Amino acid sequence: MPRLFALVEERDDQSDFPILAWELQFGDHAWVVGYDGTMGGSFSSAERACWLFAHMGTAIRIGWYPRPGNHHPHRPRRRLVR
């Protein structure tokens with residue numbers, strides 16, 4: 001199952017991280033789509049895409065989207081049947 005992530009620009013104020021591209025990481029490659037949909041491409045990995053985008057002169061990092069089921073850790077709810 002592919003994993004969704006974004007390439008985001010790091011800023012000093014850390015109030016907001018602008019998204020440069022959305023990506024899907026597959027087992028053997030990552031597919032990149034620019035935030036505005038005008039560019040896309042295939043990379044060998046998420047890290048390689050991050051490395052290439054960092055050459056634009058900005059600090060870039062990978063922001064992984066949580067896998068389904070892992071983003072709300074809580075105890076199972078009990079179901080009351082009357």
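The values are calculated or read from the model by the stated rules, or taken from the named source; none is laboratory data. Remember, it's a predicted structure, so these values are computed and weren't measured experimentally. Methodologically, a virtual Cβ is constructed for each residue, glycine included, from the backbone with ideal geometry; neighbour enumeration extends over all protein chains shown.
When region 1-19 is filtered for residues that are out of contact with any helix residue (DSSP H, G or I) (no Cβ under 7 Å at 6 or more places or on another chain), assigned to a strand (DSSP E or B) and either without any contact (Cβ under 8 Å) to a residue 40 or more places away in the chain or closer than 14 Å to Y65 by Cα (or both), the ones remaining, listed by number, are R3, L4, A6, V8, I19. Summed over region 4-19, the residues that are modelled with pLDDT under 85 and not polar (S, T, N, Q) give a count of 7.
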